[in-house]
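Let me begin by presenting the structure, written as structure tokens, before commenting on it.
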Amino acid sequence: MTPVMSPDLLNACAGLLRRHEGLRLKPYTDTTGHLTIGYGRNLEARGISRDEAEYLLQADLERTYTALQTRVPWIIDLSEVRQAVLIDMAFNLGLAGLLQFTKTLRMIQTGAYDDAAVAMLNSRWATQVKGRATRLAQMMSTNTWPDDSRL
């Protein structure tokens, strides 16, 4: 059985590392040339765990949805499926990128979902993300989740 650190030892070591490593919230190259983040996490050698990736995804989704509600307040009037389309697009394009879809957003706001789906597929973005755009346009048009969406 692997020994577990005592809370006192864990806290003491964490304090030392916070002081010695410093906190960097964006990736940087450390003194040995490795891509690093946080308190000295070597992303190349260690990466992140699945749990950490899931935590980051949840935080990013909440941040994206909050930003969308600020700039596209009518999103709350859409079904969850259509909200998910806009969240996915904002996550992929950034909020500023999504907001460039002014005609498409106007179509969605007025309930012209089929026209919005066509506009989505006729964009440069669709040629870049291919299957993602097809899936999202279908969701916008049909207001249904794809079979593989709830993994």
Exercise. Within segment 89-105, how many residues are in a helix (DSSP H, G or I) and either among the polar types (S, T, N, Q) or surrounded by fewer than 19 Cβ atoms within 10 Å (Cβ to Cβ) (or both)?
Worked result: 10
Problem set entry | Identity of the residue in segment 133-151, more than 19 Å from M107 (Cβ to Cβ) and under 18 Å from the mean Cα position of the chain (by Cα), that ends up modelled with the lowest pLDDT | L151
Exercise. For segment 81-88, does any single residue satisfy the condition of being in contact with a Phe, Trp or Tyr (Cβ under 9 Å, 6 or more places away or on another chain), within 22 Å of A126 (Cα to Cα) and basic (K, R)?
Worked result: yes
Problem set entry | Odd one out for A119, checked against (1) part of a helix (DSSP H, G or I); (2) closer than 21 Å to L61 by Cβ | (2)
For this session: Please verify whether segment 12-24 includes one or more residues that are within 22 Å of the chain's Cα centre (by Cα), exposed (fewer than 11 other Cβ atoms within 10 Å of the Cβ) and not assigned by TED's automatic domain parsing to the domain that holds F91.
Result: no
Exercise. Would segment 63-80 turn up any residue that is in the same structural domain as Y113 (by TED's automatic domain parsing) and farther than 22 Å from A96 by Cα?
Worked result: yes
For this session: Could you please let me know if E80 is farther than 29 Å from Q138 by Cβ and either of a type outside the set (G, A, S) or in contact with a helix residue (DSSP H, G or I) (Cβ under 7 Å, 6 or more places away or on another chain) (or both)?
Result: no
Exercise. Within segment 113-134, is there a residue that is on the phi > 0 side of the Ramachandran plot and without any contact (Cβ under 8 Å) to a residue 60 or more places away in the chain?
Worked result: yes
Problem set entry | Matching option when the condition is under 21 Å from the mean Cα position of the chain (by Cα), part of a helix (DSSP H, G or I), surrounded by fewer than 10 Cβ atoms within 10 Å (Cβ to Cβ) and without any contact (Cβ under 8 Å) to a residue 40 or more places away in the chain, among D51, D8, D60 | D51
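The values are calculated or read from the model by the stated rules, or taken from the named source; none is laboratory data. A quick note: this is a predicted structure, and the numbers were derived from the prediction, not measured. A quick note on method: Cβ atoms are made from the backbone with ideal geometry, for glycine too, and the neighbour counts reach across all protein chains shown.
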